[in-house]
Amino acid sequence: MQTWKLIPAATAVLALTAGASLADTLEDVKNRDSLKCIVTTGLAGFASADDAGVWTGLDVDFCRAVSAAVLGDPTKVEFIPTTAKERFTVLQSGQGDLLARNTTWTLSRDTQLGMNFVGINFYDGQGFMVNADLGIQSAKELDGATVCVQTGTTTELNLADYFRANNMSYESVVFETNDEARNAFEQGRCDAYTTDASGLAAERSVASNPSAYVILPDIISKEPLGPAVRQGDDEWFNIVRWTHFAMLAAEELGITQANVDDQKANSQNPSVRRLLGTESDLGPMLKLDNDWAHRIIKMVGNYGESFERNVGINTPLGLSRGLNAQWTDGGLMYAPPLR
């Protein structure tokens, strides 16, 4: 089911420790027969809804993959759009089962916020976008600039660090959502717009005149983006983590939506047979059945398929795999052995 429900800022008053008592997420999801997935309010390629309320994107695919594994149906997801400032409170309060919202994995988020990141589904870095007419070719030319930035993000901190390290001055103009920041930038309220490089590509793709803007080559930070769950529920953590690894392993093994049934029936490769449930009992280790990974691949696809249809070179974002390629192709994507 498709749901567009923006969580009000008032939820911030809920105690972050409320999630500590919610330690049986798997049963909650099964009893409810739906997965509550926390996503962004709208970022092309990662999580956005069309006029009919149908969500698509790389993070959306991950939510659907978890639903396929647990509930046997990738459509049994309630998407909960949140701003960057709200997302952690919504997860910790138990209003969502899973955060899949282009979120950077940091030490403080792992510790002070009581979250467990299950893995990295997109390696990124922060950049800058400027109006092409300015003729700027490097972020080092932004001394004294006004910069549009989304509040409640690592982006704000990285921005301050970068300008301080380079002995430059700037004025930040902060906004709650990506759309607000992009619109302000388009209206000329800022000289530059900063966020993750993938986010810049996403926002440029939906701008009124994408060719009017240039993404500068400078990358000023490491932004390992990935899904997260509440601490204190290892069973649920394992399911969500190995959903990610199953999608990576499927791509590495050449298993796709189109050939997964044939591979399940005919492959003699032990790794394929274990992943698809025809050999060994990996599913029960996760308190799932042995078809859990088969469902993920058949209903959603492997990681590469999700990447290419949402953010790849043939999409409006036009992103190459880069660091997000498989380790066998020079990237950083790597699944531990499923055995």
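Assorted remarks:
- Any hit, region 53-64, residues being assigned to a strand (DSSP E or B), touching a residue at least 12 places away in the same chain (Cβ under 8 Å) and more than 17 Å from residue 198 (Cα to Cα): yes
- Residue 229 falls short on exactly one of the conditions (1) among the β-branched types (Val, Ile, Thr); (2) surrounded by fewer than 23 Cβ atoms within 10 Å (Cβ to Cβ); (3) touching a strand residue (DSSP E or B) at 6+ places or on another chain (Cβ under 6 Å), and that condition is (2).
- The condition (being surrounded by fewer than 21 Cβ atoms within 10 Å (Cβ to Cβ), among the hydroxyl-bearing types (Ser, Thr, Tyr) and in a helix (DSSP H, G or I)) is satisfied by just one residue among 221, 271: 271.
- Qualifying residue in region 112-125 (condition: free of Cβ contacts under 8 Å to residues at least 60 places away in the same chain and either touching a strand residue (DSSP E or B) at 6+ places or on another chain (Cβ under 7 Å) or surrounded by fewer than 23 Cβ atoms within 10 Å (Cβ to Cβ) (or both)): yes
- From the list 108, 67, the one residue that fits, being in a helix (DSSP H, G or I), crowded, with 19+ Cβ neighbours inside 10 Å and free of Cβ contacts under 8 Å to residues at least 60 places away in the same chain, is 67.
- Matching residues in region 313-333 - criterion: being surrounded by 13 or more Cβ atoms within 10 Å (Cβ to Cβ), touching a helix residue (DSSP H, G or I) at 6+ places or on another chain (Cβ under 9 Å) and not in a strand (DSSP E or B): 315, 316, 317, 318, 319, 321, 324, 325, 331, 332
- Residue within region 84-96 that is at negative phi and in contact with a Cys (Cβ under 7 Å, 6 or more places away or on another chain) present: yes
Coordinate-derived values only; no laboratory data. As the structure is a computational prediction, the values presented were derived from the model and not from experiment. In this analysis, Cβ positions are derived from the backbone assuming ideal geometry, glycine residues included, and neighbour counts consider all displayed protein chains.
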